[in-house]
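The values are calculated or read from the model by the stated rules, or taken from the named source; none is laboratory data. Fair warning: this is a prediction, and the values are worked out from it, not measured in the lab. So basically every Cβ, Gly included, is an ideal-geometry build from the backbone, and we count neighbours across all protein chains shown.
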Amino acid sequence: MLFSSLPLIQPILKAVDKKGYTTPSPIQEAAIPVIVEGKNVLGRAETGTGKTAAFSLPIIQTLSKLGNKRHPSALVLAPTRELVEQIKDSFISYGSFTNLKVLAVYGGVSDRPQKQKLAKGIDILVATPGRLLDLINQKAVMLKFISHFVIDEADRMFDMGFIADVTKIMNMLPKNKQTLMFSATLDREVMALADQHIGTYEVVDVANGEVDLEHITHQLFYVSKRKKIELLKLHIKEGPALQTLIFTRTKRGADQLSKLISDMHIKVAVIHGDKSQHQRLRALQGFKAHKYEFLIATDVAARGLDIPALPRIINYDVPEQADAYIHRMGRTGRAGLSGDVYTYCTKEERLLLKPIFKELESPLISTKHPFEEVVEVKKIQARPFAKKTGKHRYRLSGRKR
């Protein structure tokens, strides 16, 4: 199917064509016609599958026919500042041949410019829950004219403790509106939120099908804590021009690793919760522009990062939750391109591997290296990720020796 086959108006098709897109992704193909019909939708799709366009294109189409209003007609909630900015940029790009005004609001920056732009009038508001509630309490924004409401990454709203704020905002919205909720998982909490606040809705689930992940390879490196930096130096030497996103567990760890890499005369940037929004955006934009060879991030700060053609991920610390591993690996291997995921694991971190193995339905295979910390593990011959199963798990093919 081509985008031109979808029920979209010419200005939107022109914007999509300008970005070089011809074929919609599965979530776009499935969700756009349903949303254009005005139905409520609960959608499930993995990160990086084009779900932003799935909801932004129909909203732009509907609002472009209504004319501009002073108060926002569409509200999108997202869990992180980076994701809010990316969604805003998508609306601006896809609506480039309309007169719609889009604003992103989030904490970590002064609210004065945000309030000034709100006072001038906007059509689409993209926000983090906390800053939106602040602006509502200051009477800087009104929600009574909202006709389209979107929650993006609903599962992460629960994980990051935002659901109380989200629920408070949902209770302020008009009853007569279209609600769209997107999530990487449809667990009990997400379904309960949808049942309570959406009412009648259609489930658009493209995560049931077989997803080809053979272009992503995974390697596990057993290494002592003090030798992690030596292993990193080895991987840097092996691929000095290979752009790499490195995940650490803590903000302090990210800063310490940044200094060690900088001492190697390598350009590196850092994003985490203690960085100002300006610093985080500058780091992300610089990395995308290849100004930096390495970007170090914590899980919360990196949620929703969209970095095209990223070849390598390094888990400098093993994530504490299995779904964080899935999220991290989703930053690479996009759009059919190949990607590598390296995981450094110390003796103290081995217990964290068990839930990851359970999520993947097979252990990762340890890779030999000069700084290896010897552990007793079952040897399994495996290929890179094959297909996603009907249980929404990732499976490695292999057999015991």
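Whether a residue is surrounded by fewer than 16 Cβ atoms within 10 Å (Cβ to Cβ), in contact with an Asp or Glu (Cβ under 8 Å, 6 or more places away or on another chain) and either of a type in the set (D, E, K, R) or free of Cβ contacts under 8 Å to residues at least 24 places away in the same chain (or both) was assessed, and Lys267 passes this test.
Please work out if Leu100 is outside any helix (DSSP H, G or I), out of contact with any Phe, Trp or Tyr (no Cβ under 9 Å at 6 or more places or on another chain) and over 15 Å from Ile35 (Cβ atoms).
Values: outside any helix (DSSP H, G or I): yes; out of contact with any Phe, Trp or Tyr (no Cβ under 9 Å at 6 or more places or on another chain): no; over 15 Å from Ile35 (Cβ atoms): yes.
No, not satisfied.
Has segment 341-362 got at least one residue that is exposed (fewer than 12 other Cβ atoms within 10 Å of the Cβ), among the small types (Gly, Ala, Ser) and modelled with pLDDT under 80? Within segment 341-362 (the criterion being exposed (fewer than 12 other Cβ atoms within 10 Å of the Cβ), among the small types (Gly, Ala, Ser) and modelled with pLDDT under 80), the answer is no, since none of the residues qualifies. Among the residues of segment 128-171, how many are of a type in the set (Gly, Ala, Ser), closer than 24 Å to Met191 by Cβ and not in a helix (DSSP H, G or I)? Adding up the residues that qualify gives 1. Can you pull out the residues in segment 42-62 that are out of contact with any helix residue (DSSP H, G or I) (no Cβ under 6 Å at 6 or more places or on another chain) and of a type in the set (A, V, I, L, M)? Answer for segment 42-62, where residues must be out of contact with any helix residue (DSSP H, G or I) (no Cβ under 6 Å at 6 or more places or on another chain) and of a type in the set (A, V, I, L, M): just Ile59.
Quick check: anything in segment 299-320 free of Cβ contacts under 8 Å to residues at least 40 places away in the same chain, within 19 Å of Gly108 (Cα to Cα), not hydrophobic (A, V, I, L, M, F, W, C) and not assigned by TED's automatic domain parsing to the domain that holds Pro79? No, the conditions are met nowhere in segment 299-320. Annotation: Leu186 fulfils all but one of (1) among the aliphatic types (A, V, I, L, M); (2) surrounded by 14 or more Cβ atoms within 10 Å (Cβ to Cβ); (3) at pLDDT 90 or above; (4) over 23 Å from Leu364 (Cα atoms); the unmet one is (3). Checked against (1) touching a residue at least 24 places away in the same chain (Cβ under 8 Å); (2) of a type outside the set (A, V, I, L, M, F, W, C); (3) not assigned by TED's automatic domain parsing to the domain that holds Lys101, Lys177 meets all criteria but (3).
Based on this model, can you work out whether Leu232 counts as over 15 Å from Tyr344 (Cβ atoms) and in contact with a helix residue (DSSP H, G or I) (Cβ under 9 Å, 6 or more places away or on another chain)?
No: the conditions fail for Leu232.
For segment 222-242, which positions are surrounded by 15 or more Cβ atoms within 10 Å (Cβ to Cβ) and of a type in the set (Lys, Arg)? Those that are surrounded by 15 or more Cβ atoms within 10 Å (Cβ to Cβ) and of a type in the set (Lys, Arg): Lys227, Lys228, Lys233. Condition check: surrounded by fewer than 21 Cβ atoms within 10 Å (Cβ to Cβ), in contact (Cβ under 8 Å) with a residue 40 or more places away in the chain and in the same structural domain as Lys175 (by TED's automatic domain parsing). Does Phe97 satisfy that? Answer is yes for this residue. Only one of the numbered conditions (1) within 30 Å of Arg282 (Cα to Cα); (2) of a type outside the set (Asp, Glu); (3) without any contact (Cβ under 8 Å) to a residue 12 or more places away in the chain is violated by Ser5, and that is (1).
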